[in-house]
1. Would you mind checking which residues have amide H under 5 Å from Phe39's amide H? H placed 1.01 Å from N; only 5 or more apart, or other chain.
2. Students often forget the sequence filter, so: which lysines lie under 16 Å Cα-Cα from Lys167 once same-chain residues fewer than 8 apart are removed?
3. Using a 1.4 angstrom probe on the protein heavy atoms only, line up Glu61, Glu121 by accessible area, largest first.
4. For the stretch 116-129, in order, what is each residue's ³J(HN,Hα) by Karplus, 6.51 cos²θ - 1.76 cosθ + 1.60 with θ = phi - 60°, in whole Hz (x at glycine and Pro)?
5. Pop the C-beta distance of Leu38 and Arg85 into the FRET formula with R0 = 25 Å and round what comes out to the nearest 0.05.
6. Show which lysines lie in cross-link reach of Lys192 when reach means a straight Cα distance below 17 angstrom and same-chain residues fewer than eight apart are skipped.
7. Taking H placed 1.01 Å from N in the peptide plane, check which residues at least 5 places from Gly131 or on another chain put their amide H under 5 Å from its amide H.
8. To the nearest 0.05, what FRET efficiency results for Asp158 and Arg4 with a Förster distance of 30 Å applied to their C-beta separation?
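The values are calculated or read from the model by the stated rules, or taken from the named source; none is laboratory data. Just so we're clear, the structure is a prediction, and the values are computed from it rather than from any experiment. Cβ coordinates were reconstructed from backbone atoms using ideal geometry, including for glycine residues, and neighbour counts include every protein chain displayed. Side chains included, ligands, DNA and RNA excluded: accessible areas come from the protein's heavy atoms. Shrake-Rupley method; radii C 1.70, N 1.55, O 1.52, S 1.80 Å.
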Amino acid sequence: MLKRVFDTIASLLLVLLLLPVILATALAIVWLMGAPVLFRQQRPGLHGQPFEVLKFRTMAEATGTDGHPLPDEARLTKLGVQLRRFSLDELPQLFNVIRGDMSLVGPRPLLMEYLPLYSAEQRRRHDVRPGITGWTQVNGRNALSWESKFDLDVWYVDHRSFWLDLKILAMTAGRVFSGSGVSKEGFATTEKFRGTADE
């Protein structure tokens, strides 16, 4: 209950504080990339239940000759690179937190298609609400292997506390300004998860 109250109050305050940044980012997307401003996608939340995650759009809606979208690396725009580097694309998720879909701190919401690929241990990352930031994000982010990320997610589930959340939020501020770990080498973010061997 304390976590939910803190999430709601802190998110409302952050929206008010960052409103000029949110509006400026939205205007930059419209000016340089056109509509839509937001990227919406179904992601698994608490206990794997789907919800619609909100992000600022960072990719062009470009397709190949076959009509299918081009790879992420080809569609990621220059503005999108900067938005991702400083995590500005994540700001709309504050509204997900206010709505109760997410928490400020927790395992990141990944793709629905990954759900059947998790081991029983990895699936425990869904025992808590997904977060805008988390223990994985302040300990390597996308530079880590999938297995390392899931180990950190499950560690957070087992050790979560109000004070750990405050520590993660404080560490996140430093990671945002440094822009480290945003993507894995050779990828717009990271490679797709295809399951863990021997699981």
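1. Hits under the 5 Å cutoff: Lys55, Phe56, Arg57.
2. Lys3
3. Output order, biggest surface exposure first: Glu61, Glu121.
4. Going residue by residue, I get x, 8, 6, 6, 4, 5, 5, 5, 5, 4, 8, 6, 10, 5 Hz, with x marking Gly and Pro.
5. Efficiency, rounded to the nearest 0.05: 0.85.
6. Lys149, Lys184
7. Correct list: Ser103, Gly106, Arg108.
8. Numbers: r = 20 Å, r/R0 = 0.66.
Efficiency computed from Cβ-Cβ geometry: 0.95.
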